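*Asks:* Before I ask anything, here is the structure I am working with.
Rule-based calculations on the coordinates, nothing more; no lab input. Treat the numbers as computed from the prediction; the structure is a model and nothing was measured. Here Cβ is always computed from backbone atoms with ideal geometry, including for glycine, and neighbour counts include all displayed protein chains.
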Amino acid sequence: MIHYRIEVADPAAHLFKVTLTIADPAPEQPLSLPVWIPGSYMVREFSRHLSRLEARQGTQPRELVQLAKDRWSVATSGRAALVVTYFAYAFDASVRTAWLTDDRGFFNTTSLCLAVGGRTDEPHRVELHKLPAGWDVATGMTRVDAGVKAAKGAKGKPARTQVFESADYDELADHPFELGAFWRGEFTAGGVVHEFVVSGAWPQFDGARLLADTKRICDEEIRLWHVGGKPPFERYVFMLYATEDGYGGLEHRASTALIASRKDLPRLGVAGTSDGYVTLLGLISHEYFHTWNVKRLKPAEFLPYDFTQENYTELLWFFEGFTSYYDDIFLLRSGLIDAARYVKLIGRTVNGVRQSPGQHVQSVAESSFDAWIKYYRSDENTPNATVSYYTKGSLVALRLDLALRAGGKATLDDVMRALWHEAPCGAVTEALILKTVARLGGKALAAELRDWVHQRGELDVLAALARVGIEPEPENLTLATELGVRVSEGPITGVQVKAVLAGGVGSAAGLSAGDEILAVDGWRVRRLDEALAWIRTGAAFELLVVRQQRVRTLRVADRSAAQRGDAQSRGLRLSANPNAATLGRRNGWLGK
């Protein structure tokens, strides 16, 4: 067994201390740390946060030689246990790495636990030591009780030492840990206990509502995959860190780590469902759906994970995009939002993809493959050079689901269940997806799906939506949208140009990312739409901008009604008076 002792060593300096003990080590014992974490497809170089690595056998020091950025080797003598100690810096508040302060700790084992070469198939034990008084631990990893101090100490307080065990390193790497004095609740879904812990919430946080709403989502998702059966885990843990302004999540086999803004949490005595809370519920739904779609069903290229380098796949449009399609639809199926609100969420996705010129440059298959160098490394040119496999992938799923339903024999739910039962060891390939779609929806539909995935350009979903009684709804045209720019605005910072969309009016006028817009037609602005009070619709105007400390004037040309219409955002709404056939199709998809 491989043994890790992890201590809360110095919260003020954000340091965990790790002691790795290897019984009967190899003569030249290799060690390594992952360079990435599954679910977040970028090489993150976790080893840069390790320091003061030392090795010994008994009282004898052993030379620890670094071979590469993420690999070491220790020359040992005899069979005495090899003990390696080191410190890990933990000051990244994201769900991907590690965090330690005097009021909270969090870590992914991929950031703290060196892999022992040749021994990754053995059981791995994690002992947490020197936990501050009052701190508890949440994790999906199996807790070990026999032979160790109970997880709850005297008078029901959390013990300062807690012990957990995994079957191998792959499982170890899939269990994050939340540490601190957090709120905890639980519910049962599919016959399995689900824990929910929340750190950093306001006192007015309504935990009971969060539990009830999350349970409804989990019940519906389990029902899709198992039709009355139990989910593929013995226990599940949601770990939510509430911050001033944050959003994100990372899936794991029996847990998920989440970040959300405090203001988006439900509050006691506050009725209704805010847009922020809907966003949080969508995140919960998304990460939970990943329990099946990417943690157990996964790209064949990920079997097994190679933690030392990029693991390339062209299938993130399926594993992230299809999950993105399902995350919001499960809010509808569970009764947390109505059909009108769900359709507005789809409209937001359609707009986001439509206003990304990069969809004409990159297919979702290419976007999936390039995730390692593009999606997680966005810059001012990202909208022009890339398309999101999340958002456009979700539109591929939408189009496929509606096409299957139009055929009258199957739905996307049937495709997902078929893959669940038929993918060998969970390994999914594009060929298997297309074969499954061909069987359930016909060869022509499978061929269309392949085109949607590999061709660049706009994917038409409006015609398919019209067949189910969903129609476009024009929205107010902001000046930024009309110009084809993305900006940040504020009374102090003014108007800062973050991106200029290729082929847009702003690009033609010479705007550049990094420009500050000072005035429109001679009048100072701190928000672009202030200028709508004095410029004439469609008429030319001048921009006074600052670029690299120099002030310059740019001229925006006249815009025709057609140009302005093309730029305008379009939402979606339920058609008011669909005929009986259309209403039947819509109810079959969205329910009554």
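*Asks:* Could you check how many percent of all C-alpha pairs in the chain are farther apart than 32 Å?
*Replies:* Cα-Cα pairs in the chain separated by more than 32 Å: 54 percent.
*Asks:* Starting at the first residue of segment 410-425, write each ³J(HN,Hα) from the Karplus equation 6.51 cos²θ - 1.76 cosθ + 1.60 with θ = phi - 60°, in whole Hz, x for Gly and Pro.
*Replies:* 7, 10, 5, 4, 5, 4, 5, 5, 4, 5, 4, 8, 10, 5, x, 6
*Asks:* Could you list which residues have their amide H under 5 Å from that of Leu518, counting only those 5 or more apart in sequence or on another chain, with H placed in the peptide plane?
*Replies:* Leu544, Val545, Val546
*Asks:* Taking the Cβ of Ala431 as the centre, find all other residues whose Cβ is under 14 Å away and add up their charges (Lys, Arg: +1; Asp, Glu: -1).
*Replies:* In short, 0.
*Asks:* Continuing with this model, one more query. Dipole of the chain (Lys/Arg Cβ +1, Asp/Glu Cβ -1, origin at the Cα centre): which of Asn311, Gly105, Val8 lies farthest to the positive side?
*Replies:* Gly105
*Asks:* Still on this structure, please answer the following. Can you pull the three principal axis extents for the Cα set of segment 2-180, in Å, largest first?
*Replies:* 47, 38, 29
*Asks:* Could you state the number of Å between the C-alpha centres of segment 472-508 and segment 373-435?
*Replies:* A separation of 30 Å, based on Cα centres.
*Asks:* Label Lys435 and Ala208 with points 7 Å out from Cα along Cα→Cβ: what is the distance between them in nm?
*Replies:* Placing both labels 7 Å beyond Cα along the Cβ direction yields 5.2 nm.
*Asks:* Of the cross-linked pairs Lys215/Lys263; Lys392/Lys435; Lys230/Lys295; Lys263/Lys295; Lys295/Lys498; Lys392/Lys443, which ones have a Cα-Cα span greater than 24 Å in the structure shown?
*Replies:* Lys263/Lys295; Lys295/Lys498
*Asks:* What do you get for the angle between helix 580-590 and the principal long axis of the chain? Use alpha-carbon atoms, 0 to 90 degrees, nearest ten.
*Replies:* So the helix axis and the longest Cα principal axis differ by about 20 degrees.
*Asks:* How long are the semi-axes of the equivalent ellipsoid of segment 227-290, defined as square roots of 5 times the Cα gyration tensor eigenvalues? Whole Å, largest first. Could you put the intermediate results ahead of the total?
*Replies:* Values: eigenvalues 114, 42, 19 Å².
Its equivalent ellipsoid spans semi-axes of 24, 14, 10 Å.
*Asks:* Contact order normalised by length for the chain, with contacts defined as Cα pairs under 8 Å and 6 or more residues apart; what percent is it?
*Replies:* Relative CO of the chain lands at 9 percent.
*Asks:* Could you tell me how many cubic angstrom of Cα convex hull volume segment 293-473 has per residue?
*Replies:* 123
*Asks:* Could I have the simple spin-label model distance between Gln66 and Arg235, label points 7 Å from Cα toward Cβ, reported in nm to one decimal?
*Replies:* Reported label-point gap for Gln66 and Arg235 is 3.8 nm.
*Asks:* Note down the Stokes-Einstein diffusion coefficient of segment 479-567 in µm²/s, whole number, using a Kirkwood radius over alpha carbon pairs, 20 °C, and 1.002 mPa s.
*Replies:* 167
*Asks:* Enumerate the calculated ³J(HN,Hα) couplings along segment 517-528 in order (Karplus 6.51 cos²θ - 1.76 cosθ + 1.60, θ = phi - 60°), each rounded to whole Hz, writing x wherever the residue is Gly or Pro.
*Replies:* 8, 8, 8, 10, 6, x, 10, 5, 10, 10, 9, 4
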